[in-house]
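For reference, the structure is listed below as structure tokens.
The values are calculated or read from the model by the stated rules, or taken from the named source; none is laboratory data. Please read these numbers as outputs of a predicted model, since none were measured by experiment. Neighbour counts run over all protein chains shown; Cβ positions are idealised from the backbone, glycine included. We work out accessible area using only protein heavy atoms, side chains counted, and drop any ligands, DNA or RNA first. Shrake-Rupley method; radii C 1.70, N 1.55, O 1.52, S 1.80 Å.
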Amino acid sequence: MFVIELIYKVDLSQIDAHMKAHVAFLNKHYAAGSFVVSGRKIPRDGGIILAVGQDRSEIEAIMVEDPFVSRGLADVRIIEFRASQRADDVQDRITKRG
């Protein structure tokens, strides 16, 4: 699994101007099965994506497609980890605290 952190490099007005393209990118990779969960950071200075992939190079290749990254609006940090535990009620926990 991978934690992907997007770090904005520009004003939010520029981020918002490209949000539609970013959401289309996210939807594409949710449909492909690569993305598990995503959302804005608080404070809103970037975002987080949890992803699955065969290896780091696969995730790197996906992330260069992100309009925020390809247009120089955000930097990306990829952290790989092995998920060894999870809550059985993960969706309930996200809904309650989200």
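Brief remarks on what is shown
- Every pair of residues 6+ apart whose Cβ atoms lie under 8 Å, when the first sits in the stretch 1-26 and is without any contact (Cβ under 8 Å) to a residue 60 or more places away in the chain while the second is aromatic (Phe, Trp, Tyr) and in a strand (DSSP E or B): Ile15/Tyr8; Leu26/Phe35
- Qualifying residue in the stretch 20-43 (condition: at pLDDT below 95 and open to solvent by less than 40 Å² (accessible area, probe 1.4 Å)): no
- Test for Gly47: is it within 20 Å of Asp11 (Cβ to Cβ) and either under 12 Å from the mean Cα position of the chain (by Cα) or β-branched (Val, Ile, Thr) (or both): yes
- On the stretch given as the stretch 44-98, residues that are exposed (fewer than 14 other Cβ atoms within 10 Å of the Cβ), in contact with a helix residue (DSSP H, G or I) (Cβ under 7 Å, 6 or more places away or on another chain) and charged (D, E, K, R) total 3.
- Cβ pairs under 9 Å, 6+ apart, first in the stretch 84-95 and closer than 15 Å to Val37 by Cβ and of a type in the set (A, V, I, L, M, F, W, C), second surrounded by 10 or more Cβ atoms within 10 Å (Cβ to Cβ) and at pLDDT below 80: Ala87/Arg93
- The condition (being without any contact (Cβ under 8 Å) to a residue 40 or more places away in the chain and closer than 16 Å to Phe2 by Cα) is satisfied by just one residue among Ile48, Ile62: Ile62.
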